[in-house]
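For reference, the structure discussed in these notes is given below.
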Amino acid sequence: MAAVATCGSVAASTGSAVATASKSNVTSFQRRGPRASVTNDSGPRLVSIAGTRPSVRNGQLLVSTGLPALDQLLGGGLAVGTVLLIEEDKYNIYSPLLFKYFLAEGIVNGHTLLVASAKEDPANILQELPAPLLDDKCKKEFDEDVYNHKTPESNIKMKIAWRYQLLPKMEIGPVSSSRFGHYYDASKRMPQELIEASNWHGFFLPEKISSTLKVEPCSLTPGYTKLLQFIQNIIYEEGFDGSNPQKKQRNILRIGIQNLGSPLWGDDICCAENGGNSHSLTKFLYVLRGLLRTSLSACIITMPTHLIQNKAIIARVTTLSDVVVGLESFIGSERETNPLYKDYHGLIHIRQIPRLNNLICDESDVKDLAFKLKRKLFTIEVDFIS
Amino acid sequence: MLDSLLALGGLVLLRDSVEWEGRSLLKALVKKSALCGEQVHILGCEVSEEEFREGFDSDINNRLVYHDFFRDPLNWSKTEEAFPGGPLGALRAMCKRTDPVPVTIALDSLSWLLLRLPCTTLCQVLHAVSHQDSCPGDSSSVGKVSVLGLLHEELHGPGPVGALSSLAQTEVTLGGTMGQASAHILCRRPRQRPTDQTQWFSILPDFSLDLQEGPSVESQPYSDPHIPPVDPTTHLTFNLHLSKKEREARDSLILPFQFSSENTKSSLLRQQALLRPRPGQATSHIFYEPDAYDDLDQEDPDDDLDI
């Protein structure tokens, strides 16, 4: 009680805080809001870009990855200027989903998208984005999804340890009218008008490159060079790095690169153990990280690491990325028939979380996470079995 | 399912080995698609044209469009070839088709191409050829393309084979036991789970496909049949299950701190007994001798609370 009195007197010295403290009796600690700073010298103002929020741990600006459960595991979201690397599962079924959730989140928030792929046309990728679940009807659908999938055993109310029934699972229900992190219905497509209203750039490798280029050793493969030039042009022209100081509202650029490192990009790390271009991918990631750190952008990359022959390259790639998430699906492995894993479709491994302006990183306590793709939602749960 | 392999389109890999050769299956599939009226192109690199055409009747032979790269692979004779770029040029030319007729391209063999061309270039060209019809806008103008590639597994390391498998829509691995050939078919549709199936078959002398019921038919999941699934509840030293009497006793147990809302005498007595120990009972006493260093706060704020 004495402590509050002293800080009340400190707060009284700054004129605006006293007024706010007396109005709301919660606490005397008040931030000087924008209404108090009418003068030019207003102190640090929060950059309020749609779809971002500052991290409560280290003040970094965060964007949502499109999956609120994954956001929670990463400590609130993906920091602007960092790379999220997804190690693809063996048959490439679940990693495109995470890729699409990231892009769909960008469309819903009004961010600019840059989609690069060597396999599919980016316009086709955008047509297949999941539809967002918005506010009131989504809560109803979420609840009925949860109840439909409850097994009979879990319906028995716990009698002795009844407090544990109130323990929340890792999944969070949709928060109505939240501006950060939306839910998506994987069985429906995003409405066409939302896609057309968004600002997106596509990079489809077969269109951009002619096939008779000669590659010198120890340099970037031409596909990677073109992609880096493309990204750099977009960042510069649209002012994401602050180079065009115009009137426009600041926005985030979401970059999505699909199947990086596969032979379709012209990179042979999946084909040979000691190819001529073994440094191409690592150089690409290094330059990409430099581009991202100096601009307001966030990037998601999916990579077929199970095909890379030289394991040292995987270690280098992990170090050069910021957040690394690995997906391991149970299809085709002996775990598929294991009764302990029957509710889940695979395991999700958080391999690395960055330390941004920190000495420690924000790891979650649980390491055994499993995911399942329900009828509409992709959920990540703590795997209580192992 | 073996007979509907080409219905899906895309790249179909036929992986054979020394014991179970795949060229006869390749020829059988080529014959089947020729009889269906599709356009068939053969890129013959490994065996001569006469050897490949052997066994086909003239009707089928007339329908096959054969590109011979066996006789003169490096084009030393400098004749007017239809495809000057070698096999890669031939494949690239096929990327630019505009026919609505479905096409089957048979590569005999893909191993030959993989040993002589860089793997990445080959993957890019194969992807471009086999995915011409996947644009949703103009799917009606270009017919479905199937690329059948014969791959000799033992010639390559895991890298190139893995890279090609990830590109392939369907992968057929040949095997068998006791003289009976089998094909393990793994089908990857773009956004669905892969399905696999084992089919026993034999090829008749006129290269038609004869599907059979082999020793162990039907799809085998990847679990090993010799190891039974482990039941963790066997051989325990404690009892995990309740008998009926025990279950009834457990259900009728009244929990100590759960009080029902009714004010029956028994529940009131129970409540009193737990929350307020009766003075007559032999409760335990605590004797407290304050030390010199103990700081007893006379102004204990909790005294105001009235429980």
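The values are calculated or read from the model by the stated rules, or taken from the named source; none is laboratory data. What you see is a predicted model; the values in this text were computed from it and never measured. Heads up, the Cβs are rebuilt from the backbone with ideal geometry, glycines too, and the neighbour counts pull from every protein chain shown.
Looking at the stretch A:283-324, which of the residues that are more than 21 Å from the chain's Cα centre (by Cα) and of a type in the set (S, T, N, Q) is nearest to B:Gly159 (Cα to Cα)?
Taking the candidates together, the pick is A:Gln309.
Please determine whether any residue of the stretch A:362-370 is in contact with a helix residue (DSSP H, G or I) (Cβ under 6 Å, 6 or more places away or on another chain) and either touching a residue at least 40 places away in the same chain (Cβ under 8 Å) or closer than 18 Å to A:Pro96 by Cβ (or both).
Scanning the stretch A:362-370 turns up at least one residue that is in contact with a helix residue (DSSP H, G or I) (Cβ under 6 Å, 6 or more places away or on another chain) and either touching a residue at least 40 places away in the same chain (Cβ under 8 Å) or closer than 18 Å to A:Pro96 by Cβ (or both).
State all residues of the stretch B:237-258 that are facing chain A (nearest Cβ under 10 Å) and basic (Lys, Arg); if no residue qualifies, say none.
B:Arg250
Report yes if B:Pro118 is within 14 Å of chain A (Cβ to nearest Cβ), at pLDDT below 90 and within 22 Å of the chain's Cα centre (by Cα), otherwise no. Break it down stepwise before answering.
On the way: within 14 Å of chain A (Cβ to nearest Cβ): yes; at pLDDT below 90: yes; within 22 Å of the chain's Cα centre (by Cα): no.
Answer is no for this residue.
Could you pull out the residue among B:Lys32, B:Lys27 that is over 22 Å from B:Glu153 (Cβ atoms), touching a helix residue (DSSP H, G or I) at 6+ places or on another chain (Cβ under 8 Å) and surrounded by 18 or more Cβ atoms within 10 Å (Cβ to Cβ)?
On the way: B:Lys27 fails: over 22 Å from B:Glu153 (Cβ atoms).
Unique residue meeting the criteria: B:Lys32.
Restricting to the stretch B:162-173, name every residue that is assigned to a strand (DSSP E or B) and either surrounded by fewer than 20 Cβ atoms within 10 Å (Cβ to Cβ) or within 14 Å of chain A (Cβ to nearest Cβ) (or both).
In the first step, residues of the stretch B:162-173 are kept if they are assigned to a strand (DSSP E or B); the result is B:170-173.
If the condition is that a residue be assigned to a strand (DSSP E or B) and either surrounded by fewer than 20 Cβ atoms within 10 Å (Cβ to Cβ) or within 14 Å of chain A (Cβ to nearest Cβ) (or both), then B:Thr170, B:Glu171, B:Thr173 are the ones that fit.
Can you tell me which residue in the stretch A:312-344 is farthest from A:Gly77 (Cα to Cα), limited to those that are among the polar types (S, T, N, Q) and in contact with a strand residue (DSSP E or B) (Cβ under 9 Å, 6 or more places away or on another chain)? Don't jump to the end; show me each part of the working.
So the first thing to find is which residues in the stretch A:312-344 are among the polar types (S, T, N, Q), and the list is A:318-319, A:321, A:329, A:333, A:337-338.
After this cut, where a residue has to be in contact with a strand residue (DSSP E or B) (Cβ under 9 Å, 6 or more places away or on another chain) as well, the list is A:318-319, A:321, A:329.
Details: A:Thr318: 19, A:Thr319: 20, A:Ser321: 16, A:Ser329: 24 Å.
Out of the qualifying residues, it is A:Ser329.
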